[in-house]
Amino acid sequence: MSESSAISRVALKKITPDVSAAMGSLHAAAVSAARDAKLEPELLELVRIRASQINGCAFCLDLHTRDARGQGETEQRLHTLAAWRETPFFTERERAALALTEAVTLVHDGRVPDAVYAEAAEVFDENQIAALIWAATVINAYNRIAISTRMVPKS
């Protein structure tokens, strides 16, 4: 349940433009690393959406589900992503990326288990694993920014 608040939240880009620009640079570097590692843009959107689901970030969910649809993602997969383990709709590679994303996002809940990392290492090389960790880290940071500043999805 969301809290209604009349309190105005800080405009981070306006108040801390250098930090906001650094965050943008980190995002660009993570995207570049993923491209260099030959990770599929569609896979990265699944990573962003899953982390945003866990964190409850409406702004990022709206943004990345629209981006995923634009890349050809199906409604069925988007609707069942939160329950990906119980569906036949995701590949072994996607499942490994989603498990790693969940572990990174929920790192406070037992760290990144060796079994999750080993599963990812079976289907991704080191450059790809590094890029996935960066993608999950960046979206988690953006989720925290959007949630704490109460960014609203586009209507």
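The values are calculated or read from the model by the stated rules, or taken from the named source; none is laboratory data. It should be emphasised that the depicted structure is a prediction, and the values quoted were computed from it without experimental measurement. Note that each Cβ is placed from the backbone with ideal geometry, even for glycine, and that neighbours are counted across all protein chains shown. Side chains are part of the model used for accessible areas, which takes the heavy atoms of the whole protein and leaves out ligands, DNA and RNA. Shrake-Rupley method; radii C 1.70, N 1.55, O 1.52, S 1.80 Å.
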If you take the residues of the range 88-133 that are farther than 17 Å from Leu43 by Cβ and of a type in the set (D, E, K, R), which of them is least open to solvent (accessible area, probe 1.4 Å)?
Asp109
Could you say whether any residue in the range 65-85 is out of contact with any helix residue (DSSP H, G or I) (no Cβ under 8 Å at 6 or more places or on another chain), of a type in the set (A, V, I, L, M, F, W, C) and modelled with pLDDT of 95 or more?
yes
Scan the range 31-48 for residues that are in contact (Cβ under 8 Å) with a residue 60 or more places away in the chain and assigned to a loop (DSSP other than H, G, I, E, B) and jot them down.
Ala37, Lys38, Leu39
Return the residue satisfying two criteria in turn: it lies in the range 17-30 and is of a type in the set (A, V, I, L, M) and without any contact (Cβ under 8 Å) to a residue 24 or more places away in the chain, and of such residues it is most open to solvent (accessible area, probe 1.4 Å).
Val19
Within the range 106-142, tally of residues that are among the aliphatic types (A, V, I, L, M) and without any contact (Cβ under 8 Å) to a residue 40 or more places away in the chain:
10
Could you please let me know if Trp84 is under 17 Å from the mean Cα position of the chain (by Cα), among the aromatic types (Phe, Trp, Tyr) and farther than 20 Å from Ala33 by Cβ?
yes
If you check Arg69, Arg9, which single one turns out to be open to solvent by 70 Å² or more (accessible area, probe 1.4 Å), more than 16 Å from Val152 (Cα to Cα) and either touching a residue at least 40 places away in the same chain (Cβ under 8 Å) or touching a Leu at 6+ places or on another chain (Cβ under 8 Å) (or both)?
Arg69
Given the condition out of contact with any helix residue (DSSP H, G or I) (no Cβ under 9 Å at 6 or more places or on another chain), open to solvent by 50 Å² or more (accessible area, probe 1.4 Å) and closer than 19 Å to Tyr142 by Cβ, answer yes or no: does some residue in the range 46-62 qualify?
no
